[in-house]
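Right, one structure below, let's go through it.
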Amino acid sequence: MTLTNRWKTICILGYQGSVSRDENRSAHGGVCLHQARQAKNGRIMARKVNSNGRHEEVGEAFEIDADRLAHWQSLDR
């Protein structure tokens, strides 16, 4: 998989809990999108987004390594 500077959903899992300090309870109970993108400095950045169709709760971006990205990809199969 080739990452660009835009967020790409790597896998979709069931809702597991809040992903942001700015909690949006309306987004809870649906799914959690695990997303990644390539940063300018070559690092892989990730975030989690809770969504129930109408509402979203976007978590803070954090750095991951290629092993974690591969693990997320394996969860989507």
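The values are calculated or read from the model by the stated rules, or taken from the named source; none is laboratory data. Worth saying up front: this structure is predicted, and the values here are computed from it rather than measured. Cβ sites come from the backbone with ideal geometry, for glycine too, and all protein chains shown count toward neighbours. Accessible surface is based on the protein model in full, side chains and every heavy atom, while ligands, DNA and RNA are left aside. Shrake-Rupley method; radii C 1.70, N 1.55, O 1.52, S 1.80 Å.
Can you pull the percent of the chain's accessible area that's carbon plus sulfur, 1.4 Å probe, other chains left in place?
Numbers: 2110 of 5140 Å².
For the chain, the apolar C and S fraction of the accessible surface comes to 41 percent.
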Name the residue farthest towards the positive end of the dipole of the chain from the options CYS32, ALA61, THR9, assuming +1 on Cβ of Lys and Arg, -1 on Cβ of Asp and Glu, about the Cα centre.
THR9
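Using unit Cβ charges (K, R positive; D, E negative) and no other charged atoms, how large, in debye to the nearest 20, is the dipole of the chain about its Cα centre? Numbers along the way, then the final one.
Details: 12 positive and 9 negative charges, 47 e Å.
That gives the chain a dipole magnitude of about 220 debye.
Grab the Cα-Cα distance for HIS71 and ASP22, subtract it from 0.36 nm times how many residues apart they are, and report the gain in nm with one decimal.
Result: 14.9 nm gained on full extension.
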Local charge sum around MET1 (other residues, Cβ-Cβ under 11 Å, Lys/Arg +1, Asp/Glu -1)?
0
On alpha carbon coordinates alone, what is the Rg over Rh value for the chain, Rh being the Kirkwood radius?
0.97
Give a quick list of GluC sites (Glu not before Pro) in the chain that DSSP marks as loop, anything other than H, G, I, E or B, with at most 11 other Cβ atoms within 10 Å.
GLU60
Leaving out ligands and nucleic acids, note down the accessible area per residue over the chain with a 1.4 angstrom probe, in whole Å².
67 Å²
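Below 12 angstrom from the Cβ of ARG37, what's the summed charge of the other residues (Lys, Arg +1; Asp, Glu -1)?
Values: positive: ARG6, LYS8, LYS40, ARG43, ARG47; negative: GLU63.
Summing Lys/Arg as +1 and Asp/Glu as -1 gives +4.
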